[in-house]
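> Here it is: the structure, laid out below.
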Amino acid sequence: MTVTGVVWPTWVARLIPIAILLNLVICAIIWARVNALFHRLAERAPYRNRSELEEAFRSGAVSREEYERLKARLS
């Protein structure tokens, strides 16, 4: 393989597609992990009104501190 008058070894020609494929695999793994993290963090549904928030507090889905913070935010 000749580029700008330099003769490259054949293993370099094989290494480039392998590096590209490895890069694509790493990008796919990172994309899947970020997507999973987003869905895990977005699982908590925002409480649209006080009755939903109070029901979540009574069921134990929301801690006392979070309940007080969200209640102040809804008011």
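> Within the range 41-74, can you find the residues that are basic (K, R) and open to solvent by less than 70 Å² (accessible area, probe 1.4 Å)?
K71
> Please go through the range 26-61 and give me each residue that is touching a Lys or Arg at 6+ places or on another chain (Cβ under 9 Å) and among the aliphatic types (A, V, I, L, M), ordered by number.
Selection gives L53, A61.
> Right, A61: modelled with pLDDT of 85 or more and outside any loop (DSSP other than H, G, I, E, B) or not?
When the stated conditions are applied, A61 does not pass them.
> Within the range 26-33, identify whether any single residue is of a type in the set (F, W, Y) and not in a loop (DSSP other than H, G, I, E, B), and answer yes or no.
yes
> Would you tally the residues in the range 6-24 being open to solvent by 80 Å² or more (accessible area, probe 1.4 Å) and either aromatic (F, W, Y) or part of a helix (DSSP H, G or I) (or both)?
12
The values are calculated or read from the model by the stated rules, or taken from the named source; none is laboratory data. This structure is a prediction, so every number in the text was calculated from the model and none was measured. For neighbour counting, all protein chains shown are included, and Cβ atoms are generated from backbone atoms with ideal geometry for every residue, glycine included. Keep in mind that these areas ignore ligands, DNA and RNA; they rest on the heavy atoms of the full protein, side chains included. Shrake-Rupley method; radii C 1.70, N 1.55, O 1.52, S 1.80 Å.
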